[in-house]
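Single-structure report; data block below.
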Amino acid sequence: MNFLETVPTGLLIGGEWREADDASRFVVEDPATGDPLAYVADAGAAEMAAALDEAAKAQEAWAATAPRWRSELLRAAYEEVVRRAEDFALLITLEMGKPLAESRGEVRYGAEFLRWFAEEAVRIGGRWSQSPEGTTRLLTMKEPVGPTLMITPWNFPLAMATRKIAPAIAAGCTMVLKPAEQTPLTSLAFAELLRSVGLPAGVLNVVTTTRAAEAITPLLQDSRLRKLTFTGSTAVGKRLMAQASDQLLRVSMELGGNAPLLVFADANIDRAVEGAMIAKMRNVGQACTAANRLLVHESVAAEFGARFAAAMAAQRMGRGTDPDVQVGPLIDERAREKVARLVSDAAAHGAQVLTGGSVRTGAGYFFEPTVLTEVGDHAITREELFGPVAPISTFVSDDEAVAMANATEYGLASYVFSENMSRILNVVEGLQFGMVGVNQGVVSNAAAPFGGIKHSGFGREGGAEGIEEYLATKYVGIAP
Ligand code: ADP
């Protein structure tokens, strides 16, 4: 493929592509075949520090650029991603494994952050007020937080990058991006795209590494860094947050989830099955918003379970570049082993397998779409599954459903299927989650504040809230 050969594989530091200091590289592989796709520069702490040098140097001039100019740069990037949507979709499929149709969806979603924050860049406001005693005027204004370290995961290689980069550009922050080692190519191609539409040198630096902790720990001690935004596992997020306390960084954390999907007796079962398929199978379940636990009213559990299992069994599994394929592989062997372990543990504790349940032998990290019933309180309902496995449990009352949904340390996404508005409102108010999808299996939207509570983290990405994460408030007291 020509486009793959044009993707940069070096480090982007100060507007130049360069090698790691010791010229080392690591392999990026196609998870559907295990074949190598590219070899990417493997940086250490010194290159990370060089990237921050450039981000710090560029910050003042970048913050002084006109909002309209930053807005139009984002708009140009949006147009360019849309124009090259097929290239990006193929790249995402190759390095991450999801089917092409889903990759096209991610390109549309990822591009939308560029368009949305192009519109937000020129709406950064402030306030003018009077002190209550009338003696002072209060001017409240917003300024960019400053150089930001962005750490992204592998499951949405484009959207996780644009969701952070676009608001930072809109706000006027410079950046060091460390993409996931499994899927760095999309970020590298996107960084080159930003360069091609005129992003100034040093504003976005991209450093790829297989030694994340070693490369990043010293960076978090550097007083020039002002913000850390992380999307990834709760365990790593907690460690990074502790490290970020040394320099009192502004922190945004988008961590793991254990989303419940509630199907009430009055739900439209067609919509519930369709929504559950999306909430469960988007990205083969490898999303922090993925429905991890299906909680179904006992009166509709048999019907819902049979229809949902039939839909799962009908999914075509294979390499994502094949146009008929609906289910791709998991990201790597470690991910597949975890899913297999959770399923066999549940089966050993009495869970019934309605469909699937096994790894597919041969090349690639495939696991069959799986539906389990009679699942008790085991690891499979407590841990984040990150795979194509749906454990179904039943409930009797609304209160029980909400209590079961909330019985997790996580609080990211949740889903409710019901046709009764007062029930929906009661349940939504009882759910301890940052996001609720009502009669729909997807919550992601560039115009909405994405984020969680509890062990799913804090901070919001997208919506009117998204840009605030990159802005600091300054107030000026003025004697009239
Ligand atoms: P996952 O298990 O889904 O890969 P991780 O939290 O391990 O989630 O990874 C998310 C991102 O965090 C990746 O870019 C990864 O390289 C990075 N990462 C992992 N460990 C560390 C660490 N100790 N310090 C900084 N970044 C890390």
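The values are calculated or read from the model by the stated rules, or taken from the named source; none is laboratory data. Since this is a predicted model, take the numbers as computed values, not measurements. No Cβ is skipped: glycine too gets one built from the backbone with ideal geometry, and neighbour counts run over all protein chains shown. SASA here: full protein model, heavy atoms, side chains in, ligands and nucleic acids out. Shrake-Rupley method; radii C 1.70, N 1.55, O 1.52, S 1.80 Å.
In a reduced charge model with +1 at each Lys and Arg Cβ and -1 at each Asp and Glu Cβ, segment 51-151 shows a dipole moment near 380 debye about its Cα centre.
Measuring nothing but how far apart in sequence close Cα pairs (under 8 Å, 6+ apart) lie, relative to its length, the chain scores a relative contact order of 18 percent.
For segment 259-438, what number results from the quotient of the Cα radius of gyration and 2.2 N^0.38 Å?
Its radius of gyration relative to the 2.2 N^0.38 Å reference: 0.98.
Computed over the alpha-carbon atoms, the chain gives an Rg to Rh ratio of 0.99, Rh here being the Kirkwood radius from the mean inverse distance. Between segment 254-269 and segment 318-378, what is the C-alpha centre distance in whole Å? Using only Cα atoms to place each centre, the spacing works out to 20 Å.
Given Cβ point charges of +1 (Lys, Arg) and -1 (Asp, Glu) and nothing else, what value in debye, to the nearest 20, does the dipole of segment 259-438 about its Cα centre take?
In total the dipole reaches around 580 debye.
Sorted largest first by accessible area at a 1.4 angstrom probe radius, with every protein chain in place, the residues Tyr39, Tyr415, Tyr365 fall in the order Tyr39, Tyr365, Tyr415. Taking the accessible area of the chain, probe 1.4 Å, and keeping the other protein chains in place, the carbon and sulfur fraction comes to 52%. Only lysine pairs 8 or more places apart or on separate chains count here, and in the chain those with Cα atoms under 21 Å apart total 19. The mean sequence separation of alpha-carbon pairs under 8 Å and at least six residues apart, normalised by the residue count of segment 1-138, gives a relative contact order of 20 percent. Under DSSP H, which helices of the chain have Cα atoms covering 30 Å or more of the helix axis and a Kyte-Doolittle average no less than -0.5? Long hydrophobic helices here: 100-121. Among the GluC sites (Glu not before Pro) found in segment 50-144, those both in a DSSP coil and sparsely packed, with 16 or fewer other Cβ atoms within 10 Å of their Cβ, are Glu133.
Modelled label positions at Glu214 and Val197, each set 7 Å beyond Cα in the direction of Cβ, lie 3.6 nm from each other.
Taking a ≥ b ≥ c as the square roots of the eigenvalues of the alpha-carbon gyration tensor, segment 18-101 is classed oblate because a/c is 1.5 or more while a/b is no larger than b/c.
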